[in-house]
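Worksheet: the structure to be examined is printed underneath.
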Amino acid sequence: MRGSAGRRKTPVWPGLVLLFAGMTVAGCASVESVMGPVGSWLSPGKPPPTTPTAASDVDCPQVTVRTGASTWQVPAGARPTAVRYQGSLGQLARECAVLGDTMTIKIGVEGRVLVGPGGGPGRVEVPLRIALVQEGPQPRSIWTKFYSVPVTVTQGTSQAVFAQVEDDLTFQLPLNRGDLQSYIVYVGFDPQAAADAMRAKQKQQRPAQAKPKPKPKTKTTAQPPAQPPAQQPGFVQPPAAPPPGVFAPPPPPPGQPKQ
């Protein structure tokens with residue numbers, strides 16, 4: 001949507017700030033008429049197919065926007081002046097064909113990305129999910145698929161249109177054909193799945209930490225048991241010498257009196 005050279009450009013702000021605030025308040029309001037006719041599978045000039053192409057009395061499940069998943073912001077939960085991009089869903093189209101006991105639905109989704117006050121030109125990955133659910137007291141998921149739709153916002157533009165076509169939503173028909181009336185195809189933004197996919201990608205790209213190499217085992221030879229140190233020969237203390245003997249005085253010579 002580039003303007004011609006002679007077209008006068010009108011200021012975008014603060015009008016877009018009010019628009020973002022209004023869209024946030026609107027929440028889950030219908031946005032299927034904002035884009036105009038989606039065309040025959042996003043081709044202008046023909047109405048979107050809404051009836052089965054094969055001759056059959058089987059109803060084609062309706063396609064609708066999932067409640068709470070009609071808008072998407074980057075960053076999530078930011079104040080209006082900090083929003084970089086905001087996405088909304090536009091026209092939806094479906095085409096059903098029955099082959100035996102299976103049905104194939106072709107789904108067309110069109111939406112747009114608005115450039116917020118904090119955004120600018122660049123590439124945006126729009127997180128989109130299409131799911132087939134059987135509604136009831138206990139809803140049952142039958143088929144689901146996540147898409148990361150690339151959108152390029154060019155310089156000087158305030159919005160960009162995107163489209164996604166799924167032509168192979170195939171499932172087994174229920175035994176009771178009346179149960180098919182409770183089958184609904186939901187379309188909506190799924191930023192949580194995008195965050196999970198980003199974390200898984202970063203984990204794969206992160207180099208694995210090298211495990212420390214085990215230390216080589218050294219061979220040890222058995223050592224003989226330590227012998228107690230040999231006892232050095234000791235010096236035996238000699239026995240105490242006997243006390244010197246007491247000798248009696250020699251006998252007096254003959255003829256002398258005894259003392």
- Note on the structure: Restricting to aspartates and glutamates and to Cα separations under 19 Å from Lys201, and discarding same-chain partners fewer than 8 apart, the set is Glu125, Asp190
- Task: Identify all aspartates and glutamates with a Cα-Cα distance to Lys106 below 19 Å; exclude those on the same chain that are fewer than 8 residues away in sequence.
- Result: Glu32, Asp57, Asp59, Glu95, Glu166, Asp167, Asp168
- Query: Gain in length, Asp167 to Glu135, computed as 0.36 nm per residue apart minus the alpha-carbon separation, to one decimal in nm?
  - Reply: 9.3 nm
- Item | Calculated FRET value between Gln202 and Ala76, using beta carbons and R₀ = 22 Å, to 0.05 | 0.75
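Of the peptides 123-133, 87-97, how do they stack up when ordered by the mean number of other Cβ atoms within 10 Å, highest first? Don't jump to the answer; show the numbers that get you there.
Working: 123-133: 19.1, 87-97: 20.7.
Ranking, from highest mean packing down: 87-97, 123-133.
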- So for the pair Thr154, Thr104, with labels modelled 7 Å out along Cα→Cβ, what separation do we get in nm? 3.5 nm
- Item | Pair Asn176, Gln62: separation of 7 Å Cα→Cβ label points (nm) | 2.1 nm
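A short reminder: the numbers here are calculations on the coordinates, not readings from a lab. Source: prediction; values computed, not measured. Because the Cβ atoms are built from the backbone with ideal geometry, glycine has one as well, and the counts that use them run over all protein chains shown.
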